[in-house]
1. Could you list, ordered by first residue, the pairs with Cβ atoms under 7 Å in which the first is in segment 135-150 and within 13 Å of GLY172 (Cβ to Cβ) and the second is part of a loop (DSSP other than H, G, I, E, B) and not aromatic (Phe, Trp, Tyr), at least 6 apart or interchain?
2. Please go through segment 26-63 and give me each residue that is among the hydrophobic types (A, V, I, L, M, F, W, C) and over 22 Å from LYS90 (Cα atoms), ordered by number.
3. Looking at segment 225-245 only, could you name the residues that are surrounded by 14 or more Cβ atoms within 10 Å (Cβ to Cβ), of a type outside the set (Val, Ile, Thr) and assigned to a loop (DSSP other than H, G, I, E, B)?
4. Please go through segment 46-75 and pick out each residue that is part of a loop (DSSP other than H, G, I, E, B) and of a type in the set (S, T, N, Q).
5. Which residues, taken from segment 67-96, are among the hydroxyl-bearing types (Ser, Thr, Tyr) and either crowded, with 21+ Cβ neighbours inside 10 Å or within 25 Å of ASP123 (Cα to Cα) (or both)?
6. Do you know which residues across segment 129-153 are assigned to a helix (DSSP H, G or I) and touching a helix residue (DSSP H, G or I) at 6+ places or on another chain (Cβ under 8 Å)?
7. Check off (1) over 20 Å from LEU68 (Cα atoms); (2) surrounded by fewer than 21 Cβ atoms within 10 Å (Cβ to Cβ) for ALA211 and give me the number that stays unchecked.
8. Select, from VAL103, VAL93, VAL89, the only residue that is in a strand (DSSP E or B) and either at pLDDT 95 or above or more than 22 Å from VAL204 (Cα to Cα) (or both).
Amino acid sequence: MASAASTSTVPFPATPYTPTYDSWPYEESDFVRYDENDDGVFYRQPRLVTHIDDASIARLTEYYGTVLPSTGRIMDMCTSWKSFYPLAVKEAVQRGDVEVYGVGLNAEEMKLNGALKEWRVHDLNKAPHDVRAGWKGSEKMKFDAVTCVVSIDYLNKPLEICRNLLDATNEGGTVHLVISNRCFPNKVVRRWMMLSEQARLELVGDYLHFAGWKEFEIVDLCARDESGMRVTDDHGTVLIRSPHLPDHLDPLWVVRGTKRAES
């Protein structure tokens, strides 16, 4: 029997993020990784798996249905064989109303992603730290939304990347950085492993703030019951007893921002 907490029909609560710092507070050492070997080698073997559980994927897909445009261009940054977009977006892609571009590290995975109009293998941890690099007509390439699923923690130049995303986004466009607590510990940046889940969300909020995005918010996509009450803690441990719930449901959040004229 499906759990009432596996998906949610209630609005996902969003909290405005208020930055604490007046200037960029992080050091280069914060973004060093335990394994600095070539990412292209690490991701060379296709991984046809999902890195978050099915329940969190369902919530993410539902969220995307409330925020992604029905026309225009979407960039799926650090993409793979699935983008988790809802049926409405997939149908818009088939009609040609929406074009989805992808940047990732494994060609075999991206070939299987039916949502992508075009894709490129590009390691964003190497210069240029720009999703537009290498595209034909890249100087004119603009997006109406950017998505990135459980990958922002791997990027060692997050400020530069988020600035370039801002430049590549149309006014009024949005960025949606999806965060859970699963990762390859040897490949995430050093500071990530030192922080709590909530502090990680604030870190990503700082990325957007100092990159020039506006109206940044933290959206809670963690599992909820039919009344809208959270059923897990920030680690994903289920807090209520139910024969229909597992012991763990992956936690999920989105840190998002909007490009405004003053951005």
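1. LYS142/ALA168; PHE143/ALA168; ASP144/PRO69; ALA145/LEU68; ALA145/PRO69
2. Here is the first cut: in segment 26-63, the residues among the hydrophobic types (A, V, I, L, M, F, W, C) are 31-32, 41-42, 48-49, 52, 55, 57-58, 60.
Answer for segment 26-63, where residues must be among the hydrophobic types (A, V, I, L, M, F, W, C) and over 22 Å from LYS90 (Cα atoms): PHE31, VAL32, VAL41, PHE42.
3. If we filter segment 225-245 for residues that are surrounded by 14 or more Cβ atoms within 10 Å (Cβ to Cβ), which is where we start, we get 225, 230-232, 234, 236, 238, 245.
Going one step further and asking which of them are of a type outside the set (Val, Ile, Thr), we end up with 225, 230, 234, 236, 245.
ASP225, ASP234, GLY236, LEU245 - these are the residues of segment 225-245 that are surrounded by 14 or more Cβ atoms within 10 Å (Cβ to Cβ), of a type outside the set (Val, Ile, Thr) and assigned to a loop (DSSP other than H, G, I, E, B).
4. Looking only at segment 46-75, we keep the residues that are part of a loop (DSSP other than H, G, I, E, B), and these are 46-53, 68-71.
Listed by number, the residues that qualify are THR50, SER70, THR71.
5. Quick first cut of segment 67-96, residues among the hydroxyl-bearing types (Ser, Thr, Tyr) only: 70-71, 79-80, 83, 85.
Within segment 67-96, THR79, SER80, SER83, TYR85 meet the criteria.
6. Taking segment 129-153 and keeping what is assigned to a helix (DSSP H, G or I), we get 138-140, 152-153.
Within segment 129-153, ILE152, ASP153 qualify.
7. The one condition ALA211 does not meet is (2).
8. Details: VAL93 fails: in a strand (DSSP E or B); VAL89 fails: in a strand (DSSP E or B).
Unique residue meeting the criteria: VAL103.
The values are calculated or read from the model by the stated rules, or taken from the named source; none is laboratory data. All figures in this text were calculated on a predicted structure; none of them were measured in a lab. Because the Cβ atoms are built from the backbone with ideal geometry, glycine has one as well, and the counts that use them run over all protein chains shown.
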